[in-house]
Amino acid sequence: MRQPKDIAAALAAFDGKHTASLKAVLADDLSPEAEAALIAAIPGSDEVAATWLVKALVEKARLGQHHLATLFDRLPDITKPDAALHLLQCAQYAPDAARLLRPHLFLFYGHDKILLRVWAFDAYCRGADASEDLGDRIRQGLTNRSAAMRARSKALAAEFGIDLENGARPPHLDR
């Protein structure tokens, strides 16, 4: 079982590009203390490496949504775009926690980095109330000049069962 010292060593070894040290941490479960050390590193000087680990753990359902809720609340304090991107991408694996992102998403709507805008849009959709009609918003994404935004919009439409041809959502689908 991984301990806080393992987290600290992996974060320190990360050079900003090569993820071998981070992947090595994932080979074993994290102790509750190691999880706490990882969460405590965000925000901070190791936030890119720490959020990379968080995203990898969330993708494998190995990190609780309560931790994600804490991190989503810290999103405005994240200083590095790659760290923010990792957290925004976590919303697809934690739709209940995604609602917590919504108040912070405006920070990314006009961001220079297109992927931050794309994944803020994704998180916005995932954090929607069940009664909210996302059809118009997703169709708007389909007209965006960014191919990445159009692709994400198309994927969201398919995932949420939005009929892009007729402008309606099949009534038998729930989100």
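Values quoted throughout were computed directly from the atomic coordinates according to the rules given, and no laboratory measurement underlies them. None of the values given here were measured: they were computed from a predicted structure. Cβ: placed from backbone, ideal geometry, glycine included. Neighbour counts: every protein chain shown.
The table for this structure:
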{"item": "Neighbour cut-off at most 13 other Cβ (10 Å), DSSP loop, trypsin sites (Lys or Arg not before Pro), region 6-63", "result": "Lys17, Lys60, Arg62"}
{"item": "Read-out Cα extents along the principal axes in Å, derived from the coordinates shown; its label in [x] 71, 39, 29; [y] 65, 38, 31; [z] 55, 34, 26", "result": "[z]"}
{"item": "Alpha carbon centroid spacing (whole Å) that separates region 23-92 from region 94-140", "result": "19 Å"}
{"item": "Length gained when the stretch Ala27-Asp96 is fully extended (0.36 nm per residue, less Cα-Cα span)", "result": "22.1 nm"}
{"item": "Residue-averaged [θ]222 nm for the chain, counting only DSSP H segments that reach four residues, each worth -39500 (n - 2.57)", "result": "-16000 deg cm²/dmol"}
{"item": "Magnitude of the charge dipole, the chain, Cβ model with Lys/Arg +1 and Asp/Glu -1, debye to 20", "result": "480 debye"}
{"item": "Point-charge dipole on Cβ atoms (K/R +1, D/E -1) for region 59-130, about Cα centre, debye to 20", "result": "80 debye"}
